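The values are calculated or read from the model by the stated rules, or taken from the named source; none is laboratory data. Predicted, not measured: the structure shown is a model, and the values here were computed from it. Every residue, glycine among them, receives a Cβ derived from its backbone with ideal geometry; neighbour counts consider all protein chains shown.
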Amino acid sequence: MGVKVANGRLHEMKRTLPSKDVDDLLASYAPEVQELVLAARTFVLEMIPDIAEGVDVKARIIGYGYGPRYVDMVCMLMPTKAGVNLGIAYAMQLPDPKKLLEGTGKLHRHVKLKSKADLEKAGLKALLKAALTRRKKLGLTTKK
């Protein structure tokens, strides 16, 4: 069982099926974007099986972390008309030898995913692993 955040509260949910909140978020996107977001969601949940999933329909973000605050965040999925951005919290503090990260934020960067094949990009799994390693080095929990 996983956890989702809705209205500021944590709720149990099945890990394999998207929640109603995920479905609601994706409803306005083209079917190919919906499929890509769901594939990216599976990728994240398989890489970090003990993470909590939170959906902010208004902000159009599916967040993954160990609590409701940004400091607890590991990554997030942000659907776009052309695909999905896999955002990595504190990415500016992480190694990115494959130069996958884009964006101009002070801490946050993202990887643009335009097809399911992009989930196999060299370095993508390493970025998520580095995000978890960063948390451990700082003494932050990696268990929800």
**Study point:** Filter result (in a strand (DSSP E or B) and either of a type in the set (Lys, Arg) or in contact with a helix residue (DSSP H, G or I) (Cβ under 7 Å, 6 or more places away or on another chain) (or both)) within the range 51-100
**Key:** Val55, Ile62, Tyr64, Gly65, Val74, Cys75, Leu77, Pro79, Gly83, Val84, Leu86, Ile88
Exercise for review: Go through the residues of the range 90-112 one by one and say whether even a single one is surrounded by 14 or more Cβ atoms within 10 Å (Cβ to Cβ), in contact with a Pro (Cβ under 9 Å, 6 or more places away or on another chain), in contact (Cβ under 8 Å) with a residue 24 or more places away in the chain and over 25 Å from Gln34 (Cβ atoms).
Suggested key: no
Practice item. Kindly check whether there is at least one residue in the range 45-57 that is touching a residue at least 24 places away in the same chain (Cβ under 8 Å) and more than 26 Å from Leu140 (Cβ to Cβ). Key: yes
Check your understanding: Among the residues of the range 119-140, is any out of contact with any Phe, Trp or Tyr (no Cβ under 7 Å at 6 or more places or on another chain), buried (at least 18 other Cβ atoms within 10 Å of the Cβ) and closer than 18 Å to Leu26 by Cβ?
Key -> no
Study note, to complete from the structure: For the range 58-89 the number of residues that are within 16 Å of Leu25 (Cβ to Cβ), without any contact (Cβ under 8 Å) to a residue 24 or more places away in the chain and over 13 Å from the mean Cα position of the chain (by Cα) is 2
Study note, to complete from the structure: Within the range 130-144, of all residues that are β-branched (Val, Ile, Thr) and part of a loop (DSSP other than H, G, I, E, B), the one modelled with the highest pLDDT is Thr141
Point to revise | From the options Leu119, Leu107, Leu127, residue that is assigned to a loop (DSSP other than H, G, I, E, B) and aliphatic (A, V, I, L, M) | key: Leu107
Check your understanding: Restricting the search to the range 75-101, which residues are of a type outside the set (S, T, N, Q) and out of contact with any strand residue (DSSP E or B) (no Cβ under 6 Å at 6 or more places or on another chain)?
Key -> Pro79, Lys81, Ala82, Tyr90, Met92, Leu94, Pro95, Asp96, Pro97, Lys98, Lys99
Check your understanding: For the range 1-50, which residues satisfy the criterion of being at pLDDT 55 or above, loosely packed, with under 15 Cβ neighbours inside 10 Å and in a loop (DSSP other than H, G, I, E, B)?
Key -> Thr16, Leu17, Ala27, Ser28, Ala30, Pro49, Asp50
